Every structure is written in C-alpha cells, then in structure tokens.
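Just below is one structure, and these are the notes that go with it.
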Amino acid sequence: MTARVFLNGQWLPADEARVSVMDRGFLFGDGVYEVIPVYSRQVFRLEQHLARLQQSLDGIQIANPHRPEEWIGFVTQLAGQAEWEDQSIYIQVTRGPMAVRNHAFPSEIKPTVVLLAEPMSPPPASQREQGIAAVSAADIRWLRCDLKTTSLLANCLLRQLAVSAGCVETVLFRDGFLTEGSASSIFVVKDSVLLAPIKNHLMLPGITYDVVLELAAQHGLPHEVRDITEGETRAADELWMCSSTKEVLPIVTLDGRAVGSGVGAGGTPGPLFAQMYAWYQEFKATVMRAAP
Ligand code: PDD
C-alpha cells in the first residue's frame with residue numbers, strides 16, 4: 001500500500017501528490033518545517049512542535065494556514081493511519097507557488113502544506129552503548145538558525161562532512177563558541193555539571209534540548225545554560241547530541257580524539273549519559289502511559 005500524504009487539504013497516495021515547480025519552497029527553499037516523533041502512535045510534545053512551527057512561520061512572515069486544532073487533527077489522523085507504530089511526522093509549509101520567478105513575496109500567497117509520516121526506529125543500540133564519532137566544522141549557516149526553515153543546504157553540506165569521514169554528526173562552532181550539530185542540539189558535561197548553549201538566533205530551540213534540561217532539573221542534575229567555548233567543548237568529560245529522531249546519544253570521539261580523559265572515560269559513553277538516557281526512556285514511557 002502506498003503511504004498517504006496530506007497535501008493542501010487532501011489525503012493522497014504519496015506517489016500521486018504533486019507540487020508545482022513554481023513553488024517557492026522548491027525554487028528558493030522558502031518554507032518552514034517540523035519533525036515530530038510518534039511512539040506507539042502517541043505524538044510526543046505536539047503542542048511544543050506546533051508552537052515552534054508558529055514561531056518559524058512568524059519569522060518568515062507566513063500567516064499560519066491552519067488553527068492549532070486543525071494541525072492537531074491532521075497530525076493525529078496521520079499518526080493513526082500510517083502503517084508503523086513508531087513514526088516521525090514531517091510537516092512543511094512553504095510560501096506556495098508564484099506566477100513568475102521573483103525573490104520578492106507575491107502580493108497574495110497560497111501556502112503549500114504537506115504532512116507525511118515515515119517509520120522511525122531508535123538509533124542502533126551499538127551507538128548508545130559504544131557512542132558515536134563526530135567531526136567539527138565552522139558554522140557557516142545564516143544568522144536565523146532559530147527558525148526551522150527548509151533552506152537546509154548549509155546543514156546538508158555540514159552533515160555530509162561527518163558522513164564522508166565515517167562519523168554520525170558535525171559539531172558546529174561559530175566565533176569560538178559551540179552552537180549545535182548539523183541536525184541536533186549538543187550538550188557538554190564538565191565536572192559533573194551539564195552545560196547547554198543559550199538559545200538564541202544561532203541555534204534551533206530544540207524540543208529534545210528542552211526535555212533534557214527539564215529532566216536535569218527534575219532529577220537535581222547540576223546544569224548551566226551559558227555560552228560554551230570551543231576549548232570547553234574539546235575538553236568536555238562527556239559530549240551528547242540530541243534530536244527528535246535520535247533522542248540522546250553520546251559522542252565519544254571528536255575529530256578523531258577521544259572525548260573525556262577521566263579513569264574509565266575517554267572514548268566510551270560517560271556515566272551521566274547513561275543516567276540521562278534512562279531518565280529519557282522513563283519519561284517517554286510515562287508520557288505514553290498518560291496518553292488517552
Ligand atoms: N532536526 N538543531 C538542528 C539544526 C536540527 O536540525 C535539529 C533537529 C535539532 C534538534 O531539534 P529537535 O530536538 O526539536 O528535534 C537541533 C530534525 C530532526 C530534522 O531536521 O530532521
């Protein structure tokens with residue numbers, strides 16, 4: 001059976017859904033998106049993802065084409081009908097088609113709205129147990145990384161650096177400070193304190209980032225949200241990456257050098273990672289149990 005996708009108010013088999021080549025999303029990357037995890041058909045943190053979608057739409061001046069209740073209806077319907085229990089739901093809203101190619105916005109727009117589901121499996125246990133390798137790079141993106149826009153070329157190039165080096169993620173530094181990963185938020189652990197970069201225009205306000213900080217607060221893990229230098233990142237006891245599709249993963253090498261130098265550390269996942277991973281799974285299970 002072909003997966004069904006939502007396109008501008010219609011549910012269609014994926015291979016029948018068509019968008020104009022004049023769509024500004026296609027020609028300019030003029031759109032925003034969300035990726036929302038679904039566990040056992042329960043949508044995780046939907047309200048927060050829809051709030052961030054609204055912020056992204058406001059940031060690029062597109063009036064939200066749907067009310068929150070409508071979005072909730074579309075997402076819930078998709079999560080219920082897709083063939084997989086665990087999914088990631090993709091939402092994209094572009095500024096829609098234009099009559100002639102012109103960078104300036106058309107005076108009237110008809111946003112293109114797409115929702116589709118993909119199967120989601122947790123990262124392989126080996127990545128969690130042995131950790132992952134990362135490379136670093138200068139953050140070459142624009143200055144509105146807080147908006148989840150579909151203009152992802154820089155993120156794609158940066159992610160490919162990791163893949164070409166046989167690694168999983170690229171850790172980004174701008175002007176000597178840690179920003180985030182090419183498709184994830186990054187945390188540092190130093191002297192048993194969890195450090196998180198401050199949310200600003202240089203990083204995406206990650207939904208998983210918020211969950212990790214909430215769990216740290218709830219369980220009394222000392223944590224600080226502050227600027228983190230490249231030097232501090234390289235001298236970390238532990239480095240973590242997190243995102244909606246990867247949850248939390250330990251980075252054990254950065255640019256080929258082991259992360260952490262304590263006894264038993266260095267190239268292996270640290271103890272606070274194991275703790276946070278357990279809290280994360282427990283939290284997910286509680287949320288799913290509480291769902292109707
Ligand atoms: N990306 N930073 C960037 C640049 C990202 O692309 C992502 C996630 C995150 C983590 O955000 P969240 O915890 O809300 O997923 C941080 C998604 C998964 C993607 O583009 O597929």
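The values are calculated or read from the model by the stated rules, or taken from the named source; none is laboratory data. Not measured: the values here are computed from a predicted model. Here the Cβ positions follow ideal geometry from the backbone for every residue, glycine too, while neighbour counts run over all protein chains shown.
Of 233, 229, which residue is more than 20 Å from residue 275 (Cβ to Cβ), away from the ligand (no atom under 16 Å from the Cβ), among the hydroxyl-bearing types (Ser, Thr, Tyr) and modelled with pLDDT of 95 or more?
Only one candidate passes the filter, namely 229.
Kindly indicate whether any position in segment 1-19 is closer than 22 Å to residue 104 by Cβ and away from the ligand (no atom under 13 Å from the Cβ). Please lay out each step first, then the result.
Going residue by residue through segment 1-19, those that are closer than 22 Å to residue 104 by Cβ are 19.
Now drop any that are not away from the ligand (no atom under 13 Å from the Cβ), which leaves 19.
Yes, segment 1-19 contains at least one residue that is closer than 22 Å to residue 104 by Cβ and away from the ligand (no atom under 13 Å from the Cβ).
For the structure I just gave you, tell me whether residue 212 is away from the ligand (no atom under 12 Å from the Cβ), surrounded by 22 or more Cβ atoms within 10 Å (Cβ to Cβ) and modelled with pLDDT of 95 or more. Spell out the reasoning first.
Values: away from the ligand (no atom under 12 Å from the Cβ): no; surrounded by 22 or more Cβ atoms within 10 Å (Cβ to Cβ): yes; modelled with pLDDT of 95 or more: yes.
Spelling it out, it is not the case that residue 212 is away from the ligand (no atom under 12 Å from the Cβ), surrounded by 22 or more Cβ atoms within 10 Å (Cβ to Cβ) and modelled with pLDDT of 95 or more.
Here are some residues: 265, 217, 274. Which one is surrounded by fewer than 19 Cβ atoms within 10 Å (Cβ to Cβ) and modelled with pLDDT under 95?
Residue meeting the stated conditions: 265.
Just to confirm my filter: which strands (runs of 3 or more DSSP E) fall fully inside segment 183-292 and include at least 2 residues that are in the same structural domain as residue 49 (by TED's automatic domain parsing) and under 27 Å from residue 147 (Cα atoms)?
none
Hey, can you tell me all the residues within segment 215-224 that are within 15 Å of the ligand (Cβ to nearest atom) and under 21 Å from residue 173 (Cα atoms)?
Listed by number, the list is empty, since nothing qualifies.
Residue by residue through segment 188-204, note down the ones that are free of Cβ contacts under 8 Å to residues at least 60 places away in the same chain and not small (Gly, Ala, Ser). Steps first, please.
So the first thing to find is which residues in segment 188-204 are free of Cβ contacts under 8 Å to residues at least 60 places away in the same chain, and the list is 188, 190-191, 193, 195-201, 203-204.
Selection gives 188, 190, 191, 193, 195, 197, 198, 199, 200, 201, 203, 204.
Do you know which residues across segment 151-169 are crowded, with 18+ Cβ neighbours inside 10 Å, within 22 Å of residue 90 (Cβ to Cβ) and not aliphatic (A, V, I, L, M)?
Matches in segment 151-169: 155, 159, 169.
Filter segment 236-271 for residues that are away from the ligand (no atom under 16 Å from the Cβ) and among the aliphatic types (A, V, I, L, M) and give the result.
236, 252, 254, 258, 259, 263, 265
Do you know which residues across segment 146-182 are in a strand (DSSP E or B) and within 11 Å of the ligand (Cβ to nearest atom)?
Within segment 146-182, 149, 169, 170, 172, 179, 180, 181 meet the criteria.
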